[in-house]
Amino acid sequence: MKKITAPDITALKGQRKITMITAYDYPSALIADAAEVDMILVGDSLGMVVLGYDDTLAVTMEDMLHHCAAVSRGASKALIVADLPFMSYHESVSQAVSNAGRFLQKTGVRAVKLEGGRPYCEHVRAIVNAGIPVQGHLGLTPQHVANFGGFKAQGKTAEAAAGLLEDALALQDAGCFSIVLEAVPAEVAEVITEKLDIPTIGIGAGPSTSGQVLVFHDILGLFDKFVPKFVKKYAHIREDAIEAISEYRREVSVGDFPGAEQTNHMNADELRIFKDMLNK
Ligand code: KIV
């Protein structure tokens with residue numbers, strides 16, 4: 001099966017909407033790939049929905065490499081994008097290139113994403129020059145949660161919106177193949193999408209972006225500790241899972257599980273011989 005590439009994603013702008021979902025392990029990658037999404041993001045959101053942290057800041061390169069390798073084993077078609085975690089590219093351009101390279105060499109992903117605009121354009125340019133496609137990420141960039149004072153929507157004033165547009169144009173110029181716009185007003189996302197040649201992938205950015213991304217656990221209703229307003233739950237798997245496991249616990253406690261269907265029996269002759277052996 002031909003894998004979707006970063007240039008394929010760029011070429012989709014204006015042709016049809018682009019779909020992206022996060023995945024963090026082999027089964028979630030198999031599911032996302034079977035649903036035929038264009039891109040799978042191994043997001044550092046795994047820190048919150050898989051590892052139980054309050055934000056994404058504690059996620060390390062080792063965490064990301066471990067999860068990216070599992071996702072790669074499960075996805076046969078979608079373009080897999082790896083999130084560069086907090087402090088894996090902030091120190092220097094060479095740190096950014098070397099950590100981006102580790103993802104491609106060690107896990108099989110074929111693109112990376114980093115958060116931030118103009119201050120990171122030099123990093124983006126160097127990573128792209130090394131042969132690694134880069135997806136930008138603007139707006140509510142969770143690695144800046146301490147600066148923002150919480151998970152707050154961005155680009156709400158005219159000045160902030162103009163700053164986001166400048167950042168987006170600079171990231172495009174630096175070589176990004178697409179840009180995620182997170183938690184920005186729909187009007188701002190629409191203008192940025194119109195002004196760019198590369199696609200925008202929205203999350204909480206309204207309907208006018210070139211595509212959409214959501215977190216796997218949010219779509220399926222697997223995580224309810226923090227559910228942003230822009231999330232739509234397409235299933236309620238957490239409730240279903242609790243119900244199923246409670247029923248399992250009840251059946252075990254009353255002796256209904258395992259039943260006849262889940263039980264293997266020994267051949268009657270072998271059983272007789274075995275019992276004879278015990279009686280000797
Ligand atoms: O880490 C992540 O899942 C993300 C998406 C929310 C875009 O960055």
Limiting things to C-alpha atoms, what are the Rg and the maximum Cα-Cα separation (Dmax) for the stretch 4-54, in angstroms? 12.9, 38
When ligands, DNA and RNA are left out and all protein chains stay put, how many square angstrom of accessible area per residue does the stretch 161-279 have with a 1.4 Å probe? 60 Å²
Scattering from the C-alpha atoms of the stretch 6-235 alone, worked out with Debye: what is log10 I(q)/I(0) at q = 0.09, 0.10, 0.13 1/Å? -0.31, -0.39, -0.68
Treating the stretch 74-170 as a set of equal point scatterers at the Cα positions, no solvent, please give the Debye-formula log₁₀ I(q)/I(0) at q = 0.17, 0.23, 0.24 Å⁻¹. -0.78, -1.19, -1.24
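Which semi-axes, in whole Å and largest first, does the equivalent ellipsoid of the stretch 1-102 have when worked out from the alpha carbon gyration tensor as the square roots of 5 times its eigenvalues?
With the √(5λ) rule applied to the stretch 1-102, the semi-axes are 24, 17, 12 Å.
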Please list, short to long, the whole-number percent of alpha-carbon pairs of the stretch 126-184 in consecutive 10 angstrom bins beginning at zero. 23, 46, 26, 4
Find which of VAL134, LEU114, GLN212 sits farthest along the positive direction of the dipole of the chain, computed with +1 on the beta-carbon of Lys and Arg, -1 on that of Asp and Glu, about the Cα centre. VAL134
Read phi for every residue in the stretch 79-94 and hand back ³J(HN,Hα) as whole Hz from Karplus 6.51 cos²θ - 1.76 cosθ + 1.60, θ = phi - 60°, with x for Gly and Pro. 6, 9, 10, 9, 6, 6, x, 3, 6, 9, 9, 6, 6, 6, 4, 5
Give me the Debye-computed log₁₀ of I(q)/I(0) at q = 0.10, 0.11, 0.16 Å⁻¹ for the stretch 193-280, equal point scatterers on Cα only, no solvent, two decimals. -0.57, -0.61, -0.83
Using all alpha carbons of the stretch 56-126, what is the percent of pairwise distances in each 10 Å bin, ordered from the shortest bin to the longest? 20, 53, 24, 2
Treat each spin label as a single point 7 Å out from the Cα along the C-beta direction, and report the HIS66 to ASN267 distance in nm. 4.5 nm
Could you give each residue of the stretch 223-228 its phi-based ³J(HN,Hα) in whole Hz, using Karplus coefficients 6.51, -1.76, 1.60 with θ = phi - 60°, and x for Gly or Pro? 9, 10, 5, 8, 10, x
Give the lysines whose C-alpha is closer than 29 Å to that of LYS113, dropping any in the same chain fewer than 8 places away, or say none. LYS2, LYS3, LYS13, LYS17, LYS77, LYS152, LYS156, LYS195, LYS225, LYS229, LYS232, LYS233
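The values are calculated or read from the model by the stated rules, or taken from the named source; none is laboratory data. Quick caveat: nothing in here was measured; it's all calculated off a predicted structure. Cβ sites come from the backbone with ideal geometry, for glycine too, and all protein chains shown count toward neighbours. Note: accessible area is taken over every heavy atom of the protein model, side chains too, but ligands, DNA and RNA are not part of it. Shrake-Rupley method; radii C 1.70, N 1.55, O 1.52, S 1.80 Å.
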